[in-house]
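Peer 1: Here it is: the structure, laid out below.
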Amino acid sequence: MAKVLLDKVKYSWVKDAPLLDIATCDIQSGERVFIQGPSGSGKSTLLNLLTGLLLPDSGVINIAGSDISSLSAVKRDCFRADHIGFVFQQFNLLPYLSLIDNVMLACRFSAIRTQRALKHHGSVRKAAEQLLAELGLEEQLRQRVTVAELSVGQQQRVAVARALIGSPELLIADEPTSALDAASRDTFTELLIAEASRYNSTLLLVSHDEALGQHFNRTILLQHINSAGVFHAA
Ligand SMILES: Nc1ncnc2c1ncn2[C@@H]1O[C@H](COP(=O)(O)OP(=O)(O)OP(=O)(O)O)[C@@H](O)[C@H]1O
């Protein structure tokens, strides 16, 4: 499990127009946290900072004891692959691969996650099988179809399995329910929280959708922690 700490983090896309100015934000190991903010408030920018895809203009971003902003680009890529599982809004699955191959892909870039999958399941394939089964994708689907043949809800479950294989300490989900109706959204969010607990991952879910807050013990409003105050709402 990962503790996440932001200290005096500032980021601007445009010089002299800060988008994010976060004095402090502290998320404990194992917490399941909902970060809510309207469109244009900087949620994706914040996630890109947390995953080391962007570097802050100043300040420190510490994840699981590592100051990721001080790592080289190559080490940040390795850190992300080893310690962070990501569920993207558009899932980013490879459409012509099987479900299992999509899930196993996350281990190909991380020796640490491969070792964990081997330790707990005997093989990476078995780890992928178990995750897909837990997420309700029955064997017939797992064996016979490509991702392109799945419904949106089924693709989303594959994306969660890929994010969780090898038990990364931090699971980040970016607007993962935007394509779902209200009932499916609630079911999926509960499933995501349960799987994060099962795999001992700290969970950060980011969305504009206030209704998701009911599922979480803690909600952080981006506007409350961000004193930049210049957000360009759509
Ligand atoms: N690549 C970029 N280059 C320049 N400016 C950018 C870039 N990405 C985002 N921005 C600016 O940062 C602001 C916040 O964008 P961001 O995508 O982080 O917000 P968001 O809260 O995730 O929005 P949404 O919910 O609509 O996805 C945008 O309004 C835009 O002005």
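Peer 1: Do you know which residues across the range 179-211 are modelled with pLDDT of 90 or more, farther than 18 Å from Gln28 by Cβ and not in a helix (DSSP H, G or I)?
Peer 2: Ser207, His208, Asp209
Peer 1: Also: Would you point out which residue out of Phe91, Phe79, Phe86 is part of a loop (DSSP other than H, G, I, E, B) and crowded, with 16+ Cβ neighbours inside 10 Å? Steps first, please.
Peer 2: Working: Phe79 fails: part of a loop (DSSP other than H, G, I, E, B); Phe86 fails: part of a loop (DSSP other than H, G, I, E, B).
The conditions single out Phe91.
Peer 1: Could you list all residues from the range 102-112 that are modelled with pLDDT of 95 or more and either out of contact with any helix residue (DSSP H, G or I) (no Cβ under 7 Å at 6 or more places or on another chain) or charged (D, E, K, R) (or both)?
Peer 2: Ala111
Peer 1: Return the only residue of Ser70, Ser58 being without any contact (Cβ under 8 Å) to a residue 40 or more places away in the chain, of a type in the set (Gly, Ala, Ser) and surrounded by fewer than 16 Cβ atoms within 10 Å (Cβ to Cβ).
Peer 2: Unique residue meeting the criteria: Ser70.
Peer 1: Given the criterion basic (Lys, Arg), in contact (Cβ under 8 Å) with a residue 12 or more places away in the chain and buried (at least 21 other Cβ atoms within 10 Å of the Cβ), identify the matching residue among Arg157, Arg116, Arg185.
Peer 2: Exactly one residue qualifies, and that residue is Arg157.
Peer 1: Every residue in the range 214-223 that is part of a helix (DSSP H, G or I) and more than 16 Å from the ligand (Cβ to nearest atom), please.
Peer 2: Gln214, His215 - these are the residues of the range 214-223 that are part of a helix (DSSP H, G or I) and more than 16 Å from the ligand (Cβ to nearest atom).
Peer 1: Assess whether Asn102 counts as being closer than 30 Å to Asp209 by Cβ and either crowded, with 20+ Cβ neighbours inside 10 Å or over 15 Å from the mean Cα position of the chain (by Cα) (or both).
Peer 2: The answer is yes for Asn102.
Peer 1: If you don't mind, another one. Return the residues of the range 45-76 that are within 11 Å of the ligand (Cβ to nearest atom) and under 16 Å from Pro18 (Cβ atoms); say none if nothing qualifies.
Peer 2: Once the filter is applied, which keeps residues that are within 11 Å of the ligand (Cβ to nearest atom) and under 16 Å from Pro18 (Cβ atoms), the range 45-76 yields Thr45, Leu46, Asn48, Leu49, Leu54.
Peer 1: Right, another one. Looking only at the range 1-44, filter to residues that are without any contact (Cβ under 8 Å) to a residue 12 or more places away in the chain and more than 8 Å from the ligand (Cβ to nearest atom); which one of those is surrounded by the most Cβ atoms within 10 Å (Cβ to Cβ)?
Peer 2: The qualifying residue surrounded by the most Cβ atoms within 10 Å (Cβ to Cβ) is Lys15.
The values are calculated or read from the model by the stated rules, or taken from the named source; none is laboratory data. Just so you know, these numbers come straight off a predicted model, no measurement behind them. Virtual Cβ from ideal backbone geometry, glycine too; neighbours counted across all protein chains shown.
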